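Trainee: One structure coming up, written as structure tokens, with questions to follow.
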Amino acid sequence: MKLAFEEAKKGINTWTNPQVGAVIVKNDQILGQGHHATFGHEHAEINAFKSLKNIDDAKNATLYVTLEPCSHFGKTPPCVQKIAELGVKKVVIGQIDPNPLVSGKGVKYLQEHGVEVEEQLISSELNRSYNYFYKNNRPLVTVKYAMTLDGKINKNDGQRSIVSNQATFEDSQQLRSQQQVILIGENTLKIDDPALTVRDRKMLFPPIRAVVVRDINQISLDLKIFQTDEPIWLFSEKKNRRTLPKNVEVIVGEWTPENILNYLTAQKVQAVLVEGGSFLQAKFLSAGLVEKLVIYLANKIYGSGLPAVWGVDFDPLDFAKPTVESLADNLKITTWRKD
Ligand code: AOF
Ligand code: ZN
């Protein structure tokens with residue numbers, strides 16, 4: 001099963017689907033393995049079967065798979081059918097699929113077709129946002145910011161400051177690449193003028209850059225965000241009256257954190273990164289909608305400037321024991337909301 005999990009991690013750009021790995025074992029020998037490579041491609045189980053030297057080897061074998069095999073006709077036919085057809089003796093699964101299309105039905109089908117099923121639950125970081133999305137019916141929200149030792153995100157209100165170092169910049173690219181949406185507020189857009197792109201790798205579905213603005217018509221189209229092709233969603237209170245670049249979509253409404261997340265849920269977004277500023281972060285945190293915090297701590301003190309979370313009254317929140325990593329002379333602090 002450990003090997004199946006390692007196999008699963010090879011999948012990239014699988015959203016909205018999960019990362020899945022599968023290993024075929026018979027007489028204590030590994031005969032095949034496979035993973036779900038990319039969205040729309042074949043499922044892990046099928047790739048594991050394809051890797052067998054001889055397809056008849058599947059007969060009476062044990063299949064280790066990190067996720068309950070699917071039972072539905074989607075982009076591909078149900079894997080459970082293939083498993084039963086090939087005479088697999090036993091399927092060991094890493095977790096039940098939280099997707100209601102499959103959940104429990106895969107196991108039931110296998111058992112009804114004479115395939116033994118065993119659950120071998122392994123705690124893993126795999127598919128955290130996929131699992132969260134189906135369990136809670138909303139995306140997993142991470143808030144990320146870089147701050148000084150005195151908790152400031154810039155030196156002077158209204159001006160951009162470079163708070164953290166190059167190593168944190170590179171790390172945050174990795175963090176961005178794991179999201180489907182990167183969300184910021186209007187002040188951050190205007191003051192920092194960020195590109196919000198993933199610079200260090202090519203992505204099949206680059207994260208959508210989303211901004212909450214009061215009036216889209218008041219936003220300068222000279223900003224950096226409008227100079228690249230990755231999709232942009234603008235959550236605006238006012239309707240658009242201008243011609244906008246093709247990659248820009250304006251969504252008009254009253255954009256509380258709850259309303260934003262409802263919209264993202266309808267779009268099947270499973271992971272969102274809130275990247276500033278302090279007011280938007282405060283709004284998401286105070287609404288109890290943030291599961292994960294990633295804080296880059298820079299080794300400097302500003303003495304003045306904007307605090308990392310600011311502008312909204314709220315009850316104190318508890319987070320679990322953080323993990324701390326050194327990124328050259330900065331620290332990365334990661335922590336999850338306590339259940
Ligand atoms: C995958 N890869 O290896 C497994 C999946 O969109 P479809 O038709 O490919 O179906 C996606 C669903 O299939 C997914 O949400 C999950 O419930 C199930 N299993 N999906 O993409 C795989 N085993
Ligand atoms: Zn499948």
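Trainee: For region 40-53, which residues satisfy the criterion of being on the phi < 0 side of the Ramachandran plot and more than 12 Å from ligand 2 (Cβ to nearest atom)? I'd like the intermediate steps shown before the answer.
Mentor: Taking region 40-53 and keeping what is on the phi < 0 side of the Ramachandran plot, we get 41-53.
Scanning region 40-53 gives 50, 51, 52, 53.
Trainee: Inside region 101-119, can you point out the residues that are surrounded by 12 or more Cβ atoms within 10 Å (Cβ to Cβ) and in a loop (DSSP other than H, G, I, E, B)?
Mentor: 101, 102, 103, 104, 113, 115
Trainee: Count, please, the residues in region 160-183 that happen to be touching a helix residue (DSSP H, G or I) at 6+ places or on another chain (Cβ under 7 Å) and under 21 Å from residue 330 (Cβ atoms).
Mentor: So the count comes out to 2.
Trainee: What strands (runs of 3 or more DSSP E) lie completely within region 122-234 and have 3 or more residues being out of contact with any Pro (no Cβ under 8 Å at 6 or more places or on another chain)? If you could, list the steps in order and put the result at the bottom.
Mentor: Values: elements: 140-147, 181-185, 208-213.
It comes to 140-147, 208-213.
Trainee: Mind checking which pairs have a first residue in region 42-55 that is under 13 Å from residue 23 (Cβ atoms) and a second that is more than 11 Å from ligand 2 (Cβ to nearest atom) and among the acidic types (Asp, Glu), Cβ under 8 Å, 6 or more apart or different chains?
Mentor: Going by the 8 Å Cβ cut-off, the qualifying pairs are 44/7.
Trainee: Could you check region 250-337 for strands (runs of 3 or more DSSP E) lying wholly inside it with 2 or more residues that are surrounded by 13 or more Cβ atoms within 10 Å (Cβ to Cβ) and touching a residue at least 24 places away in the same chain (Cβ under 8 Å)?
Mentor: Working: elements: 271-274, 292-297, 323-327, 330-336.
In region 250-337, 271-274, 292-297, 330-336 are the strands (runs of 3 or more DSSP E) which contain 2 or more residues that are surrounded by 13 or more Cβ atoms within 10 Å (Cβ to Cβ) and touching a residue at least 24 places away in the same chain (Cβ under 8 Å).
Trainee: Of everything in region 1-39, what is within 16 Å of ligand 2 (Cβ to nearest atom), closer than 10 Å to residue 65 by Cα and surrounded by fewer than 22 Cβ atoms within 10 Å (Cβ to Cβ)? Give them in sequence order.
Mentor: 33
Trainee: Something else about it: Tally the residues that are closer than 12 Å to residue 247 by Cα and surrounded by 13 or more Cβ atoms within 10 Å (Cβ to Cβ), restricting the search to region 208-233.
Mentor: 10
Trainee: Looking at the structure I just gave you, is residue 261 within 30 Å of residue 288 (Cβ to Cβ) and not polar (S, T, N, Q)? Can you show your working first?
Mentor: Values: within 30 Å of residue 288 (Cβ to Cβ): yes; not polar (S, T, N, Q): yes.
Yes, satisfied.
Trainee: Continuing with this model, one more query. Which strands (runs of 3 or more DSSP E) does region 1-100 wholly contain that include 2 or more residues that are within 10 Å of ligand 1 (Cβ to nearest atom)?
Mentor: Values: elements: 21-26, 29-35, 62-65, 90-93.
Here the list reads 21-26, 29-35.
No value in this document is a laboratory result; all are computed from the given coordinates. As the structure is a prediction and not an experimental result, all values here were calculated from the model. Don't worry about glycine lacking a Cβ; one is built from the backbone with ideal geometry, like all the others, and counts go over all protein chains shown.
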